[in-house]
1. Filter the stretch 40-67 for residues that are free of Cβ contacts under 8 Å to residues at least 40 places away in the same chain and part of a loop (DSSP other than H, G, I, E, B); which is nearest to the chain's Cα centre (by Cα)?
2. How about the stretch 84-93: which of its residues are modelled with pLDDT under 95 and assigned to a loop (DSSP other than H, G, I, E, B)?
3. Kindly list the number of the only condition in (1) buried (at least 16 other Cβ atoms within 10 Å of the Cβ); (2) in contact with a Leu (Cβ under 7 Å, 6 or more places away or on another chain) that fails for residue 65.
4. Which condition breaks for residue 15 when tested against (1) assigned to a loop (DSSP other than H, G, I, E, B); (2) modelled with pLDDT under 95?
5. If you take the residues of the stretch 79-120 that are of a type in the set (Phe, Trp, Tyr) and under 17 Å from residue 17 (Cβ atoms), which of them is nearest to the chain's Cα centre (by Cα)?
6. Select from the stretch 68-83 the residues that are surrounded by 13 or more Cβ atoms within 10 Å (Cβ to Cβ) and either assigned to a helix (DSSP H, G or I) or not hydrophobic (A, V, I, L, M, F, W, C) (or both) and write down the one among them that is modelled with the lowest pLDDT.
7. Take residue 76 and tell me if it is over 18 Å from residue 117 (Cβ atoms) and either under 15 Å from the mean Cα position of the chain (by Cα) or free of Cβ contacts under 8 Å to residues at least 40 places away in the same chain (or both).
8. Considering only the stretch 94-108, how many residues are without any contact (Cβ under 8 Å) to a residue 40 or more places away in the chain and either assigned to a loop (DSSP other than H, G, I, E, B) or exposed (fewer than 13 other Cβ atoms within 10 Å of the Cβ) (or both)?
Amino acid sequence: MQNWNENDCFTVYVATDAELSNIVYYHNLWVAVRSVEIPRRDWLDELSNCFRDHEVVLLSHADENFDLPDIDDVFDDSGMRWISEFIRADSSGTKPKVKSRQYGRLRLLDLYFRVQQQTI
């Protein structure tokens, strides 16, 4: 759920671990990440630029402020090999080959799409 706050910046609710582990939610995030034509090594810059360039208030579902973690610390993978593994499809080509439990990383990817959605 997103809305405007009184300071004309976006309020975005951060996905919970339960949401990120939900098979349908996870699949939708997987499809979204796969659909963006960003080279794996450019994702760190893309995420940083997105969060820097948009005025966003991040809230947990308990309406508590969510402090954006350091993106480099969360991914700690300069080659971004994790992204390559995350977007890999199974033999059918329609489902993820593996399911990641790296909720910090998944949360930042999910936030990226939530923020981007506000700029449409």
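1. We begin by selecting, within the stretch 40-67, every residue free of Cβ contacts under 8 Å to residues at least 40 places away in the same chain; these are 41-42, 44-45, 48-49, 52-53, 62-65, 67.
Pick out the ones that are also part of a loop (DSSP other than H, G, I, E, B) and you get 62-64, 67.
On the way: 62: 19, 63: 19, 64: 19, 67: 14 Å.
Once the filter is applied, the top-ranked residue is 67.
2. 93
3. Looking at each condition in turn, residue 65 falls short on (1).
4. (2)
5. Narrowing the stretch 79-120 to residues of a type in the set (Phe, Trp, Tyr): 82, 86, 103, 112-113.
The next check asks that each one be under 17 Å from residue 17 (Cβ atoms); those that pass are 86, 103.
Numbers: 86: 12, 103: 10 Å.
Going through the qualifying residues, I end up with 103.
6. Per the criteria, the residue is 77.
7. Values: over 18 Å from residue 117 (Cβ atoms): yes; either under 15 Å from the mean Cα position of the chain (by Cα) or free of Cβ contacts under 8 Å to residues at least 40 places away in the same chain (or both): yes.
Yes: the conditions hold for residue 76.
8. First, pick out the residues of the stretch 94-108 that are without any contact (Cβ under 8 Å) to a residue 40 or more places away in the chain: 94, 97-98, 100, 102, 104-105.
With the extra rule that they be either assigned to a loop (DSSP other than H, G, I, E, B) or exposed (fewer than 13 other Cβ atoms within 10 Å of the Cβ) (or both), the set shrinks to 94, 97-98, 100, 102.
Going through the stretch 94-108 one residue at a time, the tally reaches 5.
The values are calculated or read from the model by the stated rules, or taken from the named source; none is laboratory data. Model, not experiment: these values are computed from the prediction. Don't worry about glycine lacking a Cβ; one is built from the backbone with ideal geometry, like all the others, and counts go over all protein chains shown.
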